[in-house]
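Visitor: One structure, as structure tokens, below. Some questions next.
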Amino acid sequence: MISHKNPYQPIGAELINIIDESPTIKSFVLKPEKPIIFEAGQFVELTVPGCGEAPFTPSSVPSQKDTMEISIMKAGKVTAQLHEIKKGATLGLRGPLGKGYPIDNFCGKEIYIVGGGVGLAPIRSLFLALVERKKDFVSIVCRYGAKTPEDFIYKKTLFGDWQKIDGVQIKLTVDKANGQWKDNVGVVTTILKPDDVKIANAVAVVCGPPIMMKFATLKLLEFGFKPDQIYLSMEKNMSCGIGLCGHCMLGKYYVCKDGPVFTYSQIKDYPKIWD
Ligand SMILES: Cc1cc2nc3c(=O)[nH]c(=O)nc-3n(C[C@H](O)[C@H](O)[C@H](O)COP(=O)(O)OP(=O)(O)OC[C@H]3O[C@@H](n4cnc5c(N)ncnc54)[C@H](O)[C@@H]3O)c2cc1C
Ligand code: FES
């Protein structure tokens, strides 16, 4: 039977809360007219009526079904408009799109999460999903960097409750400290150490700006991680989000459909993967 459903048609979502996370990032809490069931690492297209749509990875835990949180950095047209929007507005959502993290494949392993900047948004969704079933994993080890202490997002939980979870180990760093900061200073790769996890039984998850993902991946390879142990979330420029327009091609892959989560072994031989 031919389906006449328009794949570009968003559903309505009420903006029920806005949280200022950092000088450039806000989290938007949305209540879609019907739940969007997603896996950590999948993305949605968020429409600002009259302005346009853009892809974002939910930062909330997938088990939270009635509302969805999305943390958004101001980058250009759509995101600047979003940063001006007020509570109560109706936005559009379509998705979930793409493939998320294969969490079941991580069972029995140490999970080494490396994040930078707004890259903590998809990582938060994954982290919370892993914590919900943490008995399935040996440990969850996180290394996360921000430009300055003000630029950390989810400050309350990142500096508080998450640090106290049994089986979880979090280390933070900033590129540039200020008076209050007494912790690590340096880009996130400076706090990665070869004995952070037992590499033979670990997977690494890297998410952040392309330059950070590149150098973190190179460091992990240097430590002895194999390309198929490293999971990357690739944020290519997208348009349709459903494998039709070709905007997001990476070698033979459509990032929107085959990704955005890939192992490094899947994409390492293609040119310009970090552009
Ligand atoms: C799968 C996926 C998940 C994403 N998740 C998040 C998220 O959770 N939070 C978040 O803040 N951002 C996320 N992004 C990035 C976000 O989609 C872009 O910042 C947004 O599309 C910019 O739209 P704009 O209209 O504000 O900017 P535009 O006016 O379109 O562009 C501003 C600048 O940003 C560049 N740009 C646009 N889109 C991208 C992109 N995808 N990657 C790199 N540069 C881009 C443009 O080339 C231009 O230089 C994600 C992107 C993808 C592909
Ligand atoms: S965004 Fe259109 S094919 Fe991927």
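Visitor: Fully extended, how many nm does the chain gain between K257 and V131 (0.36 nm per residue separation, minus their Cα-Cα distance)?
Guide: Working: separation 126, 0.36 × 126 = 45.36 nm, distance 2.68 nm.
Roughly 42.7 nm would be gained on extension.
Visitor: Just tell me which lysines come within less than 18 Å, Cα to Cα, of K134; anything on the same chain fewer than 8 places away is out.
Guide: The qualifying lysines are K109, K164, K198.
Visitor: Assuming R0 = 45 Å, can you tell me the calculated FRET efficiency for the pair N201 and S239, based on Cβ-Cβ distance, to the nearest 0.05? Kindly include the intermediate steps, with their values, before the conclusion.
Guide: Values: r = 40 Å, r/R0 = 0.88.
In this case the efficiency is close to 0.70.
Visitor: Treating only the Cβ atoms of Lys and Arg (+1) and Asp and Glu (-1) as charged, compute the dipole magnitude of the stretch 103-233 about its Cα centre; round to the nearest 20 debye. Intermediate results must be reported in sequence, preceding the final value.
Guide: Details: 18 positive and 14 negative charges, 31 e Å.
In debye, rounded to 20, the stretch 103-233 gives about 140.
Visitor: Got a sec to turn the phi values of the stretch 18-35 into Karplus ³J(HN,Hα) couplings, 6.51 cos²θ - 1.76 cosθ + 1.60 with θ = phi - 60°, whole Hz, x for Gly and Pro?
Guide: Result, ordered by residue: 10, 10, 6, 8, 7, x, 10, 10, 10, 9, 10, 9, 10, 10, x, 5, 9, x Hz.
Visitor: I would also like to ask the following. Which residue, P55, P260, P102, has the most motion in a Gaussian network model of the chain that connects Cα atoms within less than 10 Å?
Guide: Among P55, P260, P102, the largest GNM mean-square fluctuation belongs to P102.
Visitor: With +1 assigned to the C-beta of every Lys and Arg and -1 to the C-beta of every Asp and Glu, and no other charges, what is the dipole magnitude of the stretch 1-145 about the Cα centre in debye, to the nearest 20? Working shown, then result.
Guide: Details: 17 positive and 14 negative charges, 9 e Å.
That gives a dipole near 40 debye.
Visitor: Viscosity 1.002 mPa s, temperature 20 °C: give me the Stokes-Einstein translational D for the chain in µm²/s, with Rh taken as the Kirkwood radius over C-alpha pairs.
Guide: Values: Rh = 19.2 Å.
Rounded to a whole number, D works out at 112 µm²/s.
Visitor: May I ask you to derive the FRET efficiency for K176 and K5 from their Cβ-Cβ distance with R0 = 45 Å, giving the value to the nearest 0.05?
Guide: The formula returns an efficiency of 0.35 here.
Visitor: Just to be sure I understand: with springs between alpha-carbon atoms less than 10 Å apart, which residue in A40, A202, A89 has the highest mean-square fluctuation in the Gaussian network model of the chain?
Guide: Greatest mean-square fluctuation among the candidates belongs to A89.
Visitor: Determine the distance separating the Cα centre of the stretch 100-128 from the Cα centre of the stretch 14-46; give it in Å without decimals.
Guide: Between the Cα centres of the stretch 100-128 and the stretch 14-46 lies a distance of 18 Å.
Visitor: Going by how many other Cβ atoms sit within 10 Å of their own, how do R133, R94, R124 line up, fewest first? List each step's numbers first, then the result.
Guide: Values: R133 12, R94 20, R124 25.
Listing R133, R94, R124 from fewest to most nearby Cβ atoms yields R133, R94, R124.
Visitor: If you don't mind, there's one more thing I want to ask. Once you charge only the Cβ atoms, +1 for Lys and Arg and -1 for Asp and Glu, what is the size of the charge dipole of the stretch 11-97 about its Cα centre, to the nearest 20 debye?
Guide: 140
Visitor: Over the stretch 11-97, how many pairs of lysines fall under 23 Å by alpha carbon, counting only those 8 or more apart in sequence or from different chains?
Guide: Step by step, the pairs that qualify in the stretch 11-97 add up to 18.
Visitor: Now for a separate question. Considering the chain as a Gaussian network with a 10 Å cut-off on Cα pairs, which listed residue, N237, N17, N178, attains the greatest mean-square fluctuation?
Guide: N178
Visitor: Hey, another quick one. Relative to the present Cα-Cα distance, how much length would full extension add between K34 and E84 at 0.36 nm per residue of separation?
Guide: Full extension of this stretch gives 15.5 nm more.
Visitor: Separate question: What distance in nm separates the simple spin-label points at M249 and K268, each placed 7 Å from Cα in the Cβ direction?
Guide: 2.5
Read the figures in this text as sums done on the coordinates, not as results from a lab. All values reported here derive from a predicted model rather than from experimental measurement. With ideal geometry, Cβ positions are generated from the backbone for all residues, glycine too; neighbour counts draw on all protein chains shown.
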